[in-house]
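First the structure, in the form of structure tokens, and then the observations on it.
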């Protein structure tokens, strides 16, 4: 399928590994030039080498509002414009209500909510002016069905989802779509960090019976950035092998 985005320009935050890298690779496979970032020059150069000549590696720290906005600004400068923005970032520490200090919520909200809002603040106005844009945030299925032991992520990403839904309605008439993907368990460094002893897919309640493949997630992300998805906006879509049990 031709996604109709060849020649477009994308900024993919935290694109050196995991679902960010998978999304950047899927976009590059569609002919999109992708600016990706990491705090490590070595890691981001290695990721760009995996993607190929359409990757532009940048060093940035998207864990803060200032760093996140700077990444989008630098990406736009390097690419000569911006058509697609993929908001992404690492997750906060694991913990529950008892083990989590109140101050930890502030850091988590900046990491997984405010920094993403800052990316949108830097990237969306230009998309509205040109009459075309795609904003896609990688959040978590924990927004729909809170994940035990990840209270910080559940809280911060839920706030981001509310922002994205509101933004989508405000910019839809300008040709800009805003969506989020809610990944379940995928074979990423983050998953291996959280489950150091390994994880059984069926035991974890995944009806598909397998842990998700990042490359499959990346293809779903690329579709939402496509011309064919121009009428899809304001959505928050689980990509979790059927683990989410709710109706809505």
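Each reported figure results from applying straightforward, stated rules to the coordinates on display, with no laboratory input. These numbers were taken from a predicted model, which means no experiment stands behind them. Methodologically, a virtual Cβ is constructed for each residue, glycine included, from the backbone with ideal geometry; neighbour enumeration extends over all protein chains shown.
Dividing the mean sequence gap of close Cα pairs (under 8 Å, 6+ apart) by how many residues the chain holds gives a relative contact order of 21 percent. Between the range 78-115 and the range 188-248, the C-alpha centres lie 19 angstrom from each other. Here the simple spin-label model places points 7 Å from the Cα toward Cβ, and for residue 104 and residue 59 these points are separated by 3.1 nm. Calculate log10 I(q)/I(0) of the range 91-248 for q = 0.09, 0.12, 0.18 Å⁻¹, where I(q) comes from the Debye formula with a single equal point scatterer on each Cα and nothing for solvent. The Cα Debye sum returns log10 ratios of -0.31, -0.56, -1.15.
Once the Cα atoms are used to define both axes, helix 65-79 deviates from the longest principal axis of the chain by about 40 degrees. For the range 179-248, the convex hull drawn through the C-alpha positions has a volume of 97 cubic angstrom per residue.
Based on DSSP H segments of at least four residues, each scored -39500 (n - 2.57), the chain has a per-residue ellipticity at 222 nm of -12500 deg cm²/dmol. Were the residues from residue 172 through residue 187 laid out at 0.36 nm apart, the gain over their Cα-Cα distance would be 2.1 nm.
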